[in-house]
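A.B. asks: Take a look at the following structure, please.
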Amino acid sequence: AQSVAQPEDQVNVAEGNPLTVKCTYSVSGNPYLFWYVQYPNRGLQFLLKYITGDNLVKGSYGFEAEFNKSQTSFHLKKPSALVSDSALYFCAVRLDSNYQLIWGGGTKLSIK
Amino acid sequence: DVKVTQSSRYLVKRTGEKVFLECVQDMDHENMFWYRQDPGLGLRLIYFSYDVKMKEKGDIPEGYSVSREKKERFSLILESASTNQTSMYLCASSLSASGSSSYNSPLHFGNGTRLTVT
């Protein structure tokens, strides 16, 4: 079965420290990978995507993500966390020729 | 900026009522989606539409129907609301460009409707 896993329900980071939110996937075919963020009482906002090319993708608000094909991972990173980064983060995968997204369960990021 | 507007932020309905959730997008997107979001379950796709009058079932269509009479509007209908349909409902849209690039298009979400069925 095709799936996306975010192994950590919650990640706690001190402000100013680097942060990583993990995402691994198990799909057949070429994946298109996405990260979204959800602030309290809001819908999801697109952060970044990997389609092809450079494995390091830069996105909004200083976030970046690294695609690792051998480890089937797409971890979200930021060099220096801000309190305002506190939110719920979702990883998602879309397959070739398919509009549907496969979603991870979400990771709550708390910056203090 | 793309704007996806959901008509209600909070809604309280009684069991058995017919409920309409409305969603409008202003960017001429072909694709529109309805998700529900529940703690611990993430996002689950209810229905999506890739064109006017077209609809496709998602992962959890039971108890729901949809209507897309105009390109900018996608309605979710709960035929007879039940307490297990208490949830956050999210509408989204995306561009359908030609070829494979359509699958690269990110989703644009509304702010959600929190529905409580009592």
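A.B. asks: Identify, by number, the condition in (1) surrounded by fewer than 12 Cβ atoms within 10 Å (Cβ to Cβ); (2) under 21 Å from A:Leu82 (Cβ atoms) that A:Val13 doesn't meet.
C.D. replies: (1)
A.B. asks: So A:Thr24 fits all but one of (1) at pLDDT 95 or above; (2) within 14 Å of chain B (Cβ to nearest Cβ); what number is the exception?
C.D. replies: Single failed check for A:Thr24: (2).
A.B. asks: Name the residues in the stretch A:73-87 that are in contact with a Ser or Thr (Cβ under 9 Å, 6 or more places away or on another chain) and open to solvent by 50 Å² or more (accessible area, probe 1.4 Å), would you?
C.D. replies: Once the filter is applied, which keeps residues that are in contact with a Ser or Thr (Cβ under 9 Å, 6 or more places away or on another chain) and open to solvent by 50 Å² or more (accessible area, probe 1.4 Å), the stretch A:73-87 yields only A:Lys77.
A.B. asks: Then there is this: Pairs under 6 Å by beta carbon, first residue on the phi > 0 side of the Ramachandran plot and without any contact (Cβ under 8 Å) to a residue 40 or more places away in the chain in the stretch B:21-50, partner in a strand (DSSP E or B) and open to solvent by 10 Å² or more (accessible area, probe 1.4 Å), six or more apart or different chains?
C.D. replies: Cβ pairs passing all conditions: B:Gly42/A:Trp103.
A.B. asks: Of (1) closer than 23 Å to A:Leu33 by Cβ; (2) modelled with pLDDT of 95 or more, B:His108 satisfies all except one. Which?
C.D. replies: Every listed condition holds for B:His108 apart from (2).
A.B. asks: Check every one of the strands (runs of 3 or more DSSP E) wholly within the stretch A:3-107 and list those with 2 or more residues that are touching a residue at least 60 places away in the same chain (Cβ under 8 Å) and out of contact with any Asp or Glu (no Cβ under 9 Å at 6 or more places or on another chain).
C.D. replies: Result: A:3-5, A:10-13, A:31-38, A:87-95, A:101-103.
A.B. asks: Let me ask another. Quick one: in the stretch A:31-60, of everything that is of a type in the set (Val, Ile, Thr) and over 30 Å from B:Tyr10 (Cα atoms), which residue is farthest from the other protein chains (Cβ to nearest Cβ)?
C.D. replies: A:Val57
A.B. asks: Of the residues B:Leu78, B:Leu95, B:Leu43, which single one is at pLDDT below 95, more than 22 Å from A:Gly106 (Cβ to Cβ) and aliphatic (A, V, I, L, M)?
C.D. replies: Sole residue among the options that is at pLDDT below 95, more than 22 Å from A:Gly106 (Cβ to Cβ) and aliphatic (A, V, I, L, M): B:Leu95.
The values are calculated or read from the model by the stated rules, or taken from the named source; none is laboratory data. Owing to the predicted nature of the structure, the values given are computational and were not obtained by experimental measurement. When we count neighbours, we look across all protein chains shown, and the Cβ atoms used for this are built from the backbone with ideal geometry, even at glycine. Just the protein is used for accessible areas: all its heavy atoms, side chains included, with ligands, DNA and RNA removed. Shrake-Rupley method; radii C 1.70, N 1.55, O 1.52, S 1.80 Å.
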